[in-house]
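To start, the structure under review is shown below, and the notes come after it.
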Amino acid sequence: MSRMRNQLGTGHELAGRFDLALEHFATSLEIAKACGHVLCEQSALEWHGITHGGKGDLELALRYLNLSFEMTERVHDPVHRGRARILITMYVNRLLANRDCTTSVDELNRALSYLHVNGEDINGARVLMQLASAHVAAGQQRLAASAQERVVALFARHNATALQIGALRALADTEDLLGEREAAQEHRLEAYRLTHPD
């Protein structure tokens, strides 16, 4: 039941319905605590952090992600424990990098390699978005645009519409920097159409 709530919450988070997502993650957390299911409790805390990050509440996001990381001490399976720690570290670095752009490109590429090998497209796309931001900060707009195009395609493939919209807008901003006004306008229009499907 706790896992099902996490899955429902994940669907809402990907669609940008953060408050609905948090309701499901809160229920999942309650069930996991009542049943003593450590892995589900750790996962629900992690998703709380991710979702608060999506809402722009950095402090609350980091608090939940730190609680989730602490919970990994109680996860007995070393594979699950290792995966959880890698993902939480990635989320924390991404949130901090959004604030101060200190995450290194090498670190992001390591996370990207791990996620690619393990077939985690959504998490990989999130890292690619941060990698694109690092490229923009370094004045490498062409590399940034290339990464953002991949992100848009990945989010579209997984019907992560809210994330796709954000990626399209970021791509358009990069295209503006490149002087590609027509492409930027086209991608902003695509983002608008996704935001207003009627």
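The values are calculated or read from the model by the stated rules, or taken from the named source; none is laboratory data. Please read these numbers as outputs of a predicted model, since none were measured by experiment. Quick reminder, even Gly has a Cβ in these numbers, built from the backbone with ideal geometry, and neighbours come from all protein chains shown.
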Meets criteria (of a type in the set (Lys, Arg) and exposed (fewer than 15 other Cβ atoms within 10 Å of the Cβ)) for Arg5: no
Count of the stretch 165-194 residues which are touching a helix residue (DSSP H, G or I) at 6+ places or on another chain (Cβ under 6 Å) and assigned to a helix (DSSP H, G or I): 18
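Just to be sure, is Glu70 more than 22 Å from Gly124 (Cβ to Cβ), in contact (Cβ under 8 Å) with a residue 24 or more places away in the chain and assigned to a helix (DSSP H, G or I)?
No, not satisfied.
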The listed residue being closer than 25 Å to Ala84 by Cα, touching a residue at least 60 places away in the same chain (Cβ under 8 Å), outside the structural domain of Gly54 (by TED's automatic domain parsing) and assigned to a helix (DSSP H, G or I), out of Ala132, Ala162: Ala162
Matching option when the condition is touching a Leu at 6+ places or on another chain (Cβ under 9 Å) and at pLDDT below 90, among His12, His48, His24: His12
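Yes or no, residue by residue, for (1) under 17 Å from Thr89 (Cβ atoms); (2) at pLDDT below 90; (3) within 15 Å of the chain's Cα centre (by Cα):
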| residue | (1), (2), (3) |
| --- | --- |
| Glu107 | yes, yes, no |
| Ala125 | no, no, yes |
| His135 | no, yes, no |
| Phe155 | no, no, yes |
| Ala162 | no, yes, yes |
| Leu189 | no, no, no |
| Thr195 | no, no, no |
